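> I'd like to ask some things about the structure below.
The values are calculated or read from the model by the stated rules, or taken from the named source; none is laboratory data. Keep in mind it's a predicted model, so treat the numbers as computed, not measured. Glycine also receives a Cβ, built like all others from the backbone with ideal geometry; neighbour counts cover every protein chain displayed.
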Amino acid sequence: MRRLLLTVAFAAGSWAQSVSILSQDQIQELENKVAQHPEDRQSQKLLGQNYAAFILGITALGTYNTVEGVDASKAASSFAQHSREMLSTSSLAGVVAEGGHALWDFSFQVQGYEVLKQARDRVQYSDARTLGVQALDRAILLEPKNAAWRSYRIPILALRSNSRTTMPVDTADAYTQIKQDLAVLTGASRYNLLASVAKQAVKAGALDNAASYAQELLQSANDPKNCNYGNAIFFGNMVLGQVALRRGDKDQARSHLLAAGKTSGSPQLNSFGPNMSLAKDLLEAGDRQAVLEFFELCRSFWKMDRGRLQDWANQINAGSTPDFGANLAY
């Protein structure tokens, strides 16, 4: 349950603009507008998003596009089927990509909403999620050089490669596609996804690439006011430490763990907490002291740990390895 709610929280926070939920009549008017003006990307975006909302039965969105209303009968309607067909067949990449992206993100929110509300009638969010992935893949085939579509797909592939239940995909296969997607990205969109790609490279055993991405991430972290600055410092060092340890250099891995702990923090690190993958690796390599020092550094930014850092430290001092749970996945 906790993992689901965290996934919902990340999904809700992934939107740059608010989405307007339209009626069926308004969507049909928008379809006519898009047909007459196929160059209008904003209208394509809104149309795709509302196809997704109809498929998932979404009736209301709140702040940051959080799902606040779901009607299973809307999801079972003939117009919802029409929406599925449009996302499966439309040649307008903007409609297909934005609809696919919305289906993926909103499907987790709908899943969480139904669990919390104990809904009697359920929406087929798993089928919608699959359609979302297929739609986004098709949009990239339609416009292979579109950086936005590629940036949508990278975190989806990362999540799928880390999941046993959510459309799991082989780590190596996911990384191959992620690497191709990243090659299309430049500027801020590339910077914002480098940490995710670097972590995937480690999991795929592509250590040279992982180190290269991590170094690029640290070199690009030149604006402390950027919301991803703290993430860049943390994950750049974490990945370099993972690479060093896998190459037998425990001292270098230890140094990078402590450098990661000296990050100034970020909205994600401050709330969900730091990734403990390198800490766990060093524990297994016998370096308990480095991990305890890392915990102390993390206290400066993770004020919302609810006692977890102390609990983990107590377990380590007692000679056991903590179960870091979701903090191995962030």
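> With respect to ALA93, is the statement that it is in contact with a helix residue (DSSP H, G or I) (Cβ under 7 Å, 6 or more places away or on another chain), surrounded by fewer than 24 Cβ atoms within 10 Å (Cβ to Cβ) and small (Gly, Ala, Ser) true? Don't jump to the end; show me each part of the working.
Details: in contact with a helix residue (DSSP H, G or I) (Cβ under 7 Å, 6 or more places away or on another chain): yes; surrounded by fewer than 24 Cβ atoms within 10 Å (Cβ to Cβ): yes; small (Gly, Ala, Ser): yes.
It is true that ALA93 is in contact with a helix residue (DSSP H, G or I) (Cβ under 7 Å, 6 or more places away or on another chain), surrounded by fewer than 24 Cβ atoms within 10 Å (Cβ to Cβ) and small (Gly, Ala, Ser).
> Okay, next question. Does any residue of the stretch 148-171 turn out to be more than 16 Å from the chain's Cα centre (by Cα) and assigned to a helix (DSSP H, G or I)?
no
Here's the yes/no breakdown for (1) out of contact with any helix residue (DSSP H, G or I) (no Cβ under 7 Å at 6 or more places or on another chain); (2) touching a residue at least 60 places away in the same chain (Cβ under 8 Å); (3) of a type outside the set (Gly, Ala, Ser):
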site: ASP251; (1), (2), (3): yes, no, yes
site: SER255; (1), (2), (3): yes, no, no
site: ALA260; (1), (2), (3): no, no, no
site: GLY265; (1), (2), (3): no, no, no
site: PHE272; (1), (2), (3): no, yes, yes
site: ASP281; (1), (2), (3): no, no, yes
site: GLN289; (1), (2), (3): yes, no, yes
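> Which residues, taken from the stretch 244-255, are surrounded by fewer than 24 Cβ atoms within 10 Å (Cβ to Cβ) and at negative phi?
Residues satisfying the conditions are ALA244, LEU245, ARG246, ARG247, ASP249, LYS250, ASP251, GLN252, ARG254, SER255.
> Any residue in the stretch 196-205 that is within 22 Å of ASP137 (Cβ to Cβ), of a type in the set (Gly, Ala, Ser), at pLDDT 95 or above and outside any helix (DSSP H, G or I)?
Within the stretch 196-205 (the criterion being within 22 Å of ASP137 (Cβ to Cβ), of a type in the set (Gly, Ala, Ser), at pLDDT 95 or above and outside any helix (DSSP H, G or I)), the answer is yes, since at least one residue qualifies.
> Quick one: in the stretch 32-45, which of the residues that are out of contact with any Ser or Thr (no Cβ under 7 Å at 6 or more places or on another chain) and in contact (Cβ under 8 Å) with a residue 24 or more places away in the chain is nearest to TYR152 (Cα to Cα)?
Checking each candidate, the answer is LYS45.
Residue by residue, here is whether (1) modelled with pLDDT of 95 or more; (2) surrounded by 12 or more Cβ atoms within 10 Å (Cβ to Cβ); (3) of a type outside the set (Ser, Thr, Tyr); (4) in contact with a Phe, Trp or Tyr (Cβ under 7 Å, 6 or more places away or on another chain) holds:
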residue	(1), (2), (3), (4)
ILE21	yes, yes, yes, no
GLN24	yes, yes, yes, yes
ASN32	yes, no, yes, no
HIS37	yes, no, yes, no
ARG41	yes, yes, yes, no
LEU47	yes, yes, yes, no
THR59	yes, yes, no, no
THR63	no, no, no, no
ALA75	yes, yes, yes, no
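> For the stretch 96-126, enumerate the residues that are over 24 Å from the mean Cα position of the chain (by Cα) and not in a loop (DSSP other than H, G, I, E, B). Walk me through how you get there before you give the answer.
The first filter runs over the stretch 96-126 and keeps only residues over 24 Å from the mean Cα position of the chain (by Cα), leaving 117-122.
Matches in the stretch 96-126: LYS117 only.
> Kindly evaluate LEU194 against the criterion of being hydrophobic (A, V, I, L, M, F, W, C) and crowded, with 21+ Cβ neighbours inside 10 Å. Write out each step before concluding.
Numbers: hydrophobic (A, V, I, L, M, F, W, C): yes; crowded, with 21+ Cβ neighbours inside 10 Å: yes.
Against the criterion (hydrophobic (A, V, I, L, M, F, W, C) and crowded, with 21+ Cβ neighbours inside 10 Å), LEU194 qualifies.
> All but one of (1) touching a Phe, Trp or Tyr at 6+ places or on another chain (Cβ under 8 Å); (2) modelled with pLDDT of 95 or more hold for ALA326; state the number of the condition that does not hold.
(2)
> I've got another one for you. Would you pick out the residues in the stretch 68-95 that are in a helix (DSSP H, G or I) and acidic (Asp, Glu)? Please lay out each step first, then the result.
Of the residues in the stretch 68-95, the ones in a helix (DSSP H, G or I) are 72-75, 78-89, 93-95.
Selection gives GLU85 alone.
> Hey, any hits in the stretch 176-183 for a residue that's modelled with pLDDT of 95 or more, over 28 Å from VAL67 (Cβ atoms) and either hydroxyl-bearing (Ser, Thr, Tyr) or in contact with a Phe, Trp or Tyr (Cβ under 9 Å, 6 or more places away or on another chain) (or both)?
Within the stretch 176-183, one or more residues are modelled with pLDDT of 95 or more, over 28 Å from VAL67 (Cβ atoms) and either hydroxyl-bearing (Ser, Thr, Tyr) or in contact with a Phe, Trp or Tyr (Cβ under 9 Å, 6 or more places away or on another chain) (or both).
> Quick one: in the stretch 296-311, of everything that is surrounded by 15 or more Cβ atoms within 10 Å (Cβ to Cβ) and touching a residue at least 24 places away in the same chain (Cβ under 8 Å), which residue is farthest from ALA195 (Cα to Cα)? Spell out how you get there, then give the answer.
As a first pass, look at the stretch 296-311 and keep what is surrounded by 15 or more Cβ atoms within 10 Å (Cβ to Cβ): 297-298, 301-302, 305, 308-309.
Subsequent filtering for residues that are touching a residue at least 24 places away in the same chain (Cβ under 8 Å) retains 297-298, 301-302, 305, 308.
Working: LEU297: 20, CYS298: 19, PHE301: 19, TRP302: 19, ASP305: 22, ARG308: 24 Å.
If we take residues in the stretch 296-311 being surrounded by 15 or more Cβ atoms within 10 Å (Cβ to Cβ) and touching a residue at least 24 places away in the same chain (Cβ under 8 Å), then ARG308 is farthest from ALA195 (Cα to Cα).
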